[in-house]
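The values are calculated or read from the model by the stated rules, or taken from the named source; none is laboratory data. The structure presented is a predicted model; accordingly, all values stated were derived computationally and were not measured. For neighbour counting, all protein chains shown are included, and Cβ atoms are generated from backbone atoms with ideal geometry for every residue, glycine included.
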Amino acid sequence: MAATPDTRSGILDAAELLFARRGFHSTTIKTIAGAAGVNTALLYYYFADKQGLYHAVLERAFGGLIAEGEGRGIGDLDPEAGIRAFVALQAAYFGQHPNRPHLFVRELIDHGAAHAAGQLTRLAATLFRRLCEVIERGQASGHFRAELDPRRAAISTLSQVAWLHVARPAIGILVGAGPGGPSARWVKDYAEHAAEFALAALRIPAARRARRPPTRTSR
């Protein structure tokens, strides 16, 4: 097989699947090459070793999520629309790349996020910061509860969809869909529910808004 960009992508796809399912230590270069339909010499043409390949897989996974979010300008939306857009982005990304939530979990369990530290730092400075800013703008405008820590609220907002995709077989059993997981429609509806659930926690309760004194107008 000739060396082409498609070949590199195919190797990354095979490696992502195997690393997500088996973990780093139980996955061999030979197995990855076989799954990608290339010989090991061609794999080494693109990647110096297994660790280099693993880092490339992580970089593509985290980098893809960051690029998707940055390209949509979600941070510029009004606070409620911003929350919905962040949750929808996350749900769509994991839906398109179902191995990536498991890859992230493997990295956390096996390596304590050591290999992903740089990518997580990028995520913190980009998408996560944007979400915190959306929450802060909602607080400044009087729509969201001022007593909430924006970072904790952001983590709570993101955790709902992330957990659904990580625990999909277990959730499938819980909701009566079986270990294959809930249907695509159920997952889509859940993402909408997660956004509304987050907003319900963020909004100032109506009873508290009603107790606020009227704003004085200058004469």
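If you check Gly63 against the conditions, is it touching an Asp or Glu at 6+ places or on another chain (Cβ under 6 Å) and in contact (Cβ under 8 Å) with a residue 40 or more places away in the chain?
Values: touching an Asp or Glu at 6+ places or on another chain (Cβ under 6 Å): no; in contact (Cβ under 8 Å) with a residue 40 or more places away in the chain: yes.
No.
Whenever a residue of the stretch 121-132 is surrounded by 15 or more Cβ atoms within 10 Å (Cβ to Cβ), its partners that are small (Gly, Ala, Ser), lying with C-beta atoms within less than 6 angstrom and at least six residues away or across chains, give the pairs Leu127/Gly69; Arg130/Gly75; Leu131/Ala154; Cys132/Ala154. Filtering the stretch 114-128 to residues that are closer than 21 Å to Phe24 by Cα and over 13 Å from the mean Cα position of the chain (by Cα) leaves Ala114, His115, Ala116, Ala117, Gly118.
Kindly indicate which of Ser183, Ser218 is modelled with pLDDT under 95, more than 21 Å from Val105 (Cβ to Cβ), under 21 Å from the mean Cα position of the chain (by Cα) and not basic (Lys, Arg). First the steps, then the outcome.
Working: Ser218 fails: under 21 Å from the mean Cα position of the chain (by Cα).
Within the list Ser183, Ser218, the selection yields Ser183.
Of all residue pairs spaced 6 or more apart or on separate chains, those with beta-carbon atoms under 6 Å, a first member in the stretch 175-188 that is surrounded by 13 or more Cβ atoms within 10 Å (Cβ to Cβ) and a second member that is among the basic types (Lys, Arg) are Gly181/Arg168. Could you go through the stretch 66-86 and let me know if any residue there is under 30 Å from Arg130 (Cα atoms), of a type in the set (Asp, Glu), at pLDDT 95 or above and in the same structural domain as Thr126 (by TED's automatic domain parsing). Yes, some residue in the stretch 66-86 is under 30 Å from Arg130 (Cα atoms), of a type in the set (Asp, Glu), at pLDDT 95 or above and in the same structural domain as Thr126 (by TED's automatic domain parsing).
Taking the stretch 27-52 as the range and being among the hydroxyl-bearing types (Ser, Thr, Tyr) and in contact (Cβ under 8 Å) with a residue 24 or more places away in the chain as the test, the residues that pass are Tyr45, Tyr46. For the stretch 17-48, a residue qualifies if it is small (Gly, Ala, Ser), within 27 Å of the chain's Cα centre (by Cα) and not in a helix (DSSP H, G or I), and the qualifying residues are Gly23, Ser26. Do the conditions hold for Gly142, that is, is it under 20 Å from Val105 (Cα atoms), assigned to a loop (DSSP other than H, G, I, E, B) and small (Gly, Ala, Ser)? The answer is no for Gly142. Looking only at the stretch 109-119, decide whether some residue is modelled with pLDDT of 95 or more, assigned to a helix (DSSP H, G or I) and among the β-branched types (Val, Ile, Thr). Scanning the stretch 109-119 turns up no residue that is modelled with pLDDT of 95 or more, assigned to a helix (DSSP H, G or I) and among the β-branched types (Val, Ile, Thr).
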